[in-house]
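A short reminder: the numbers here are calculations on the coordinates, not readings from a lab. As the structure is a computational prediction, the values presented were derived from the model and not from experiment. Cβ placement follows ideal geometry from the backbone for every residue including glycine, while neighbour counts extend to all protein chains displayed.
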Amino acid sequence: MRAEIKNAIMVVVIVAIAIGGIGSYFNSLDMSKTTLIQPNQIQTQDNSTLSNGKTSPTSTTVNILPPIDESRNFKAPDLVGISGYVNTNPEELKNAMKNKVVLYDFWTYSCINCIRTLPYITAWNEKYADKGLLIIGVHSPEFEFEKDISNVKMAVEKYGIKYPNVLDNDHKTWSAFGNQYWPREYITDYQGYIRHDHIGEGNYDETEKVIQQLLDERSQHLGLNVVADQPLVNIPEHQFSSFQTPELYFGYDFAQGRNYLGNSEGFNPGQTITYSLPDKQNSDHYYLEGKWQNLSDSMKLVSDNGKIVLSYSAKSVHIVAANESTLQILLDGNSIKPQDSGDDVQNGTVHISENRLYNIVSTSQAGQHTLTILAKPSFQMFTFTFG
C-alpha cells in the first residue's frame, strides 16, 4: 500500500534530495529507487500471467552492473523466522536456491504498490525460471490478518503467482535484509552476492536487464549453454498523478501522529467514540459519522449506521477492509456511476467478504472528488490508497 515507509517521512525526503529522487512510500508520485549494488551500498533505511504478448527492444551489449568484488560485496542473509511456505517447502526451497540467480520480492497482499508490480514479476518467472532465475516472494505483512496463510494462499492464486513464497510474519527476514519498504526487490547472483536493489514501483526494464546480465554471468561461469538475452517484457505501467492524495490510515498506531482523521474528536486509542461530521471539511482528510471503535490498525463501526467522507485527488481509490458487510458508494453526492466504479463495485455497492484490498473508484482521469461510504455494523476499515 505503499511503496511504504515505516519511519519518519522527513528522513525519506532528505535522502530523496540527496540522491536525486529516491522512491518513498507515498502513492502521490511514481516514486521508486534503484540501487545497483556496489561495495557497501546496500540500503538500510528505516522505516497471473503475462497480461499481453508485447515486447520491447533490449540492449545486447551493455552490462549495467559493475564487476563483483568478493572482498567487499556481501551475500544475502538467510531466510529466517519463516512461519509458512506457499508453492514450496523448506527442503525444496533450499535445494532450488543452489547456483541460482535469486530475486527476493518483499511484498504484502493488501499493498496496491506491490500488486501493481506482480504482472512484471510473474512474467519474469515465466521467461527466466528455466534459465536459472528463482523468484522468492517474501510476504511480510503490514496488518494482522495478512499473517493468515489461508489469506496469503488465496492472494497467490488470485494473482497467478507460481513461484515460492515464504511467510515472514514477524519480519525476521525483513530485518535481516535491513528492509523498510513495500515493495522491494533484491537480486543476487548465482553465488548469492547481492548485486541489485530496487525500492517501489517502476524501472522494470532496468531490473529485467539486471536479471539477464546475472543469468549470462551464471551461464558463463557454470559452463552452461543458456542465453537470457531477449526482448524485454512490455506491460503498460501505472501512471501516477502529481497531485495524488497520499495513503490514509485508520489505525491510531499506523497514523503515527499524522492528522489523517479530520473530526475534532480525533483518535482515542482503545475507545469507542461517537463522531459527527463538521460543516467544513478539508481535502485529503477523512471524516467519520457514527460510533466507531478505535483500534491500533483500524476503525470498526459499532453503531447501526456509519459514514466515511473523503475529498481526494486521484484516478482510482482502494480500501483495505474486513468483516462481512455491504457498503454503499457515493461519488460527488450521487450513487457511483458504472463507468466510475472500481472492480469490486456492483450497482453502487461493495460486498466485503474477505480481509483484503478492494477497488471502489476507477475514473477515466485523475481529478478532485468527494467520496462517501455508507456502512453497517462490524465494518472494519484499515486504509485508503490511491492510484
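Just how large is the dipole of region 228-387 about the Cα centre, in debye to the nearest 20, putting +1 at every Lys and Arg Cβ and -1 at every Asp and Glu Cβ?
340 debye
Would you mind getting me the FRET efficiency between K75 and S264? Use the beta-carbon distance for r and R0 = 51 Å, nearest 0.05.
0.45
Mind jotting down a quarter of the surface of the convex hull over the alpha carbons of region 58-193, in square nanometres, one decimal? Could you put the intermediate results ahead of the total?
Details: hull surface 35.1 nm².
With every direction weighted equally, the projected area is 8.8 nm².
Measure off 7 Å from each Cα along the Cα-to-Cβ vector at K98 and Q293, then give the distance between these two points in nanometres to one decimal.
Output for this residue pair reads 5.1 nm.
Taking N as the number of residues in region 236-387, what value does Rg over Cα atoms divided by 2.2 N^0.38 Å take?
Dividing the Cα radius of gyration by 2.2 N^0.38 Å gives 0.97.
Could you sort the peptides 264-273, 251-260 by per-residue average Cβ neighbour count (10 Å cutoff), highest mean leading?
Highest-to-lowest ranking by the protection proxy: 251-260, 264-273.
How about region 63-103: which trypsin sites (Lys or Arg not before Pro) there are in a DSSP loop, with at most 14 other Cβ atoms within 10 Å of their Cβ? Spell out each step's value before the answer.
On the way: sites: R72, K75, K94, K98, K100; in loops: R72, K98, K100.
Here the sparse-neighbourhood loop sites are R72, K98.
Using only the Cα atoms of region 317-382, what do you get for the radius of gyration and for Dmax, in Å?
Gyration radius and largest Cα-Cα distance of region 317-382: 11.2, 33 Å.
Just in region 112-148: which chymotrypsin sites (Phe, Trp or Tyr not before Pro) are loop by DSSP and have at most 10 other Cβ atoms within 10 Å? Provide the component values of the computation, followed by the final result.
Values: sites: Y120, W124, Y128, F143, F145; in loops: F143.
Filter output for region 112-148: empty list.
Just in region 57-127: which GluC sites (Glu not before Pro) are loop by DSSP and have at most 15 other Cβ atoms within 10 Å?
Working: sites: E70, E91, E92, E126; in loops: E70.
Taking region 57-127 and a limit of 15 other Cβ atoms within 10 Å, the loop GluC sites (Glu not before Pro) found are E70.
Mind ranking 323-336, 351-364 by how tightly packed they are, going by the mean number of other C-beta atoms within 10 angstrom, highest first?
351-364, 323-336
Pop out the Kirkwood hydrodynamic radius of region 245-293 from its pairwise C-alpha distances, inverse of mean 1/r, in Å to one decimal.
After inverting the pairwise mean of 1/r, the radius is 11.3 Å.
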